[in-house]
Amino acid sequence: MFIQTIITGLSIGSVYALMAVGYSLVFSVLNFSNFAHGAIITLGAYIAWALMVHYLQVPFLLALLLSMGGAGALAFLNERIAYSTLRRRRAPSLYLMISAMGVAISLQNILYATIGAKLYALPPVFAMDVVHMGELTISKMDIFAFVFSAFTIAILHLILVRTKVGVAIRAAAHDMEMVSVLGVNLDVLVGVLFFIAGSLGGMAGVFMGVKYMVYPSMGWITNKAYIGAVIGGLGSLPGAIVGGLLLGLLEALVSVSSIGDTSLSTYRDVFSFGILVILLIFKPTGFFGRHVEDKL
Amino acid sequence: MLLSVEGLNVFYGEAIHALRDVSFGVEEGEIVSIIGANGAGKSTLMWTLVGLLKPKSGRILMRGKPIRPIPHLSVAAGIALVPERRRLFPHLTVRENLILGAYLRKDRKGVEEDAELVYRLFPILKERLSQYAGTLSGGQQQMLAIGRALMSRPKVLLLDEPSLGLAPVLVDQVFKAIQDIASSGTTILLVEQNALEALQIAHRAYVLEVGRIVLEGKGKELLDNPIVRAAYLGVAQHTEILLERTDNKV
């Protein structure tokens, strides 16, 4: 039972990590929390729904890839339309964050107005399939989500370490101006950054859609991923991964715990937001957070 | 003329007129120094030349062709900057810092050749390739900043206060390296508060005062110019000035 809980926790945690990495990537370079990320994740799930259920019967893997590409393109457009002008004018990051909140609420309401508030299910794929290992019963979807998330994050890591664009993204996290003086077109670099963050979000959205449902406000689940990113230290990729996994594990453990006869599962969200508040009191920069230094 | 600047006017906001009708040129293969006190506009000039600051009026031309003031276009046109205080990426390795210097280049082989040139110029960098740039000493960081700029194979290398904060022995080493780079064919535009060293290695030099070029001449000539000596070399003719004052009093 305990091991099963751990596996469930790791699976949901890896999806949190996917989303948290998107927050952290953008934060590391542009220094603001892109709260529109949740809406992009939602749109990723809707793309999969449109492809697999509504219009066509595209196979799951293809739908997953197309959702990633679509969500990436939407994140790119989101930056071009809403943030790029603010960025070029060097607006304080607070304004970028407020703009992001505006984008999130607008997109969510566009979904309400056009597709409606109805909840849609994605095909169960192998959500119902289970693997039996001794006494353990594990959903194949949980395994798939974990493996695929881990694989994707590993690829992201390789991009950031091995490619020129990746190195430039890491350098821009420290000094964007200097990166441009070395010949990097910042508009292109930020575009790549948002495409990556968006496609990771699209993948997370599809997994959430399969596990739960597809509905306009599903993006708010990213608040949890955001907590994960903050726990790990905003702007740090290892931080986002550790934070996301940790939050998933703790939630899974709290859900199955009980005090006396009272199950704690209804207190799950009280718990996750509570540890955020408490952690920030003791460790305001998270586990892997950078201390803000003067850039001389 | 390789690099020419025509009537450059740069403002900070509305009120501060940081560069006033600045015009000058750098010939192919030259070392040109611009000396000036703190706040004279030296760094402003450098940031404008790489497109980070937009001039209100005036033009920057490479071999007669105007460059739009956008950083990546300036790099593509052949300008590379070693900025004041180096601005390395401390959490990236020495190798990664160098790679970023060659960001726009597609000729893998040429990039490798230039890396070898940088190692020959600064052998210590080759030993430290996988070390974080932030762990290097001040002198090594300055070498890396120069190496990073050279990796774009620039036509003209801009150096902003390369001697700042370095021990005298390292200052000599850096100026020696600048001369080596120049003799291998890269044109140099150097901006310095350390006027003595800057004038000694310069073919030609300009004096920048409160945003305006007030003097120009051969490096050696300016070294002997009494105004330059008094204002920038700290060898004012104290005795004469003192005598004048006493004369007036009597």
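Stretching A:R80 away from A:L94 to a fully extended chain increases their span by 3.3 nm, per 0.36 nm per residue minus the current alpha-carbon distance.
For the segment B:69-75, counting C-beta atoms of other chains within 10 Å of every residue's C-beta and taking the mean gives 5. Between B:L215 and B:A167, what's the calculated FRET efficiency when r is the beta-carbon distance and R0 is 22 Å? Round to 0.05. Given R0 = 22 Å and the Cβ-Cβ separation, E is 0.15. Applying 1/(1 + (r/R0)^6) with r as the Cβ-Cβ distance of B:R68 and B:S183 and R0 = 45 angstrom yields a FRET efficiency of 0.90. Relative to the longest principal axis of the Cα atoms of chain B, the long axis of helix B:168-183 makes an angle of roughly 70 degrees. Specify the residue with the greatest mean-square fluctuation among B:I181, B:I16, B:I35, computed from a Gaussian network of chain B linking alpha-carbon atoms under 10 Å apart. Judging by the Gaussian network model, the answer is B:I16.
The relative contact order of chain B, computed from alpha carbon pairs under 8 Å that lie at least 6 residues apart in sequence, is 25 percent. Only Cα pairs under 8 Å and 6+ residues apart enter the sum, and on that basis the relative contact order of chain A stands at 35 percent. When only the Cβ of Lys, Arg, Asp and Glu is charged (+1, +1, -1, -1), the dipole of chain A relative to its Cα centre reaches about 620 debye. Modelled spin labels at A:N31 and A:I281, positioned 7 Å past Cα toward Cβ, are 2.9 nm from each other. Each listed q (0.08, 0.12 Å⁻¹) maps to a log10 I(q)/I(0) for segment A:2-282, found by the Debye formula over equal Cα scatterers with no solvent: -0.33, -0.74. Here the contact order of segment B:91-148, divided by its residue count and restricted to Cα pairs under 8 Å and six or more residues apart, works out to 57 percent. The contact residues of segment B:88-118, meaning those that lose at least 30 Å² of 1.4 Å-probe accessible area when all protein chains sit together rather than their chain alone, are B:F89, B:H91, B:L92, B:E96, B:I99, B:L100, B:Y103. When DSSP beta bridges are restricted to pairs lying wholly in chain B, around 55% turn out antiparallel.
Between A:L62 and A:T5, the contour length at 0.36 nm per residue exceeds the alpha carbon distance by 17.5 nm. Of the residues B:F122, B:M143, B:I16, the one whose Cα sits farthest toward the positive end of the charge dipole of the protein assembly as shown, with +1 on the Cβ of Lys and Arg and -1 on the Cβ of Asp and Glu, is B:I16.
Hull volume per residue, based on the alpha-carbon atoms of the protein assembly as shown and their convex hull, is 200 Å³.
Solvent-accessible surface of chain A, averaged per residue with a 1.4 angstrom probe and all protein chains in place: 46 square angstrom. Run through segment A:44-127 and list the trypsin sites (Lys or Arg not before Pro) located in a DSSP loop whose Cβ has at most 13 other Cβ atoms within 10 Å. Passing sites in segment A:44-127 are A:R89, A:R90, A:K118.
When the alpha carbon coordinates of segment B:90-146 are projected onto the principal axes, the ranges are 31, 22, 17 Å, largest first.
Taking a threshold of 20 Å on the Cα-Cα distance, which of the pairs A:K118/A:K211; B:K65/B:K220; A:K164/B:K106; A:K224/A:K283 fall above it? Beyond 20 Å: B:K65/B:K220.
Considering only B:L92, B:L53, B:L189, the Gaussian network model of chain B with Cα springs below 10 Å gives its largest mean-square fluctuation to B:L92. Pairing chain A with chain B buries about 2100 Å² of accessible area. This figure sums both sides and uses a 1.4 Å probe.
In chain A, helical runs assigned H by DSSP with n ≥ 4 each contribute -39500 (n - 2.57); averaged across all residues and rounded to the nearest 500, the mean residue ellipticity at 222 nm is -22500 deg cm²/dmol. Which loop-located chymotrypsin sites (Phe, Trp or Tyr not before Pro) does segment A:149-225 contain, where loop means any DSSP state but H, G, I, E or B and the Cβ has at most 10 other Cβ atoms within 10 Å? Filter output for segment A:149-225: empty list. Note on B:K56: aspartates and glutamates with a C-alpha under 14 Å away, same-chain residues under 8 apart excluded, are B:E6, B:E14, B:D21.
On the beta carbon distance between A:S106 and B:K106, with R0 = 56 Å, the FRET formula returns roughly 0.85. The charge dipole of segment A:1-151, taken about its Cα centre with unit charges on the Cβ atoms of Lys, Arg (+1), Asp and Glu (-1) only, comes to about 740 debye. The charge dipole of segment B:107-217, taken about the Cα centre with unit charges on the Cβ atoms of Lys, Arg (+1) and Asp, Glu (-1), comes to about 260 debye, rounded to the nearest 20. If you run the Gaussian network model on chain B, springs between alpha carbon atoms under 10 Å, then out of B:N97, B:N194, B:N38 the most flexible one is B:N38. Mind listing which trypsin sites (Lys or Arg not before Pro) in segment A:226-296 are in a DSSP loop and have 13 or fewer other Cβ atoms within 10 Å? Within segment A:226-296, the qualifying trypsin sites (Lys or Arg not before Pro) (loop, at most 13 other Cβ atoms within 10 Å) are A:K295.
Each of A:D269 and A:W220 was given a label point 7 Å from its Cα along the Cα-to-Cβ line. The distance between the two points is 0.6 nm.
The values are calculated or read from the model by the stated rules, or taken from the named source; none is laboratory data. Note that the structure is predicted; figures quoted are calculated from it, not measured. Reconstructed Cβ throughout: ideal geometry from the backbone, glycine too, with neighbour counts over all protein chains shown. Just the protein is used for accessible areas: all its heavy atoms, side chains included, with ligands, DNA and RNA removed. Shrake-Rupley method; radii C 1.70, N 1.55, O 1.52, S 1.80 Å.
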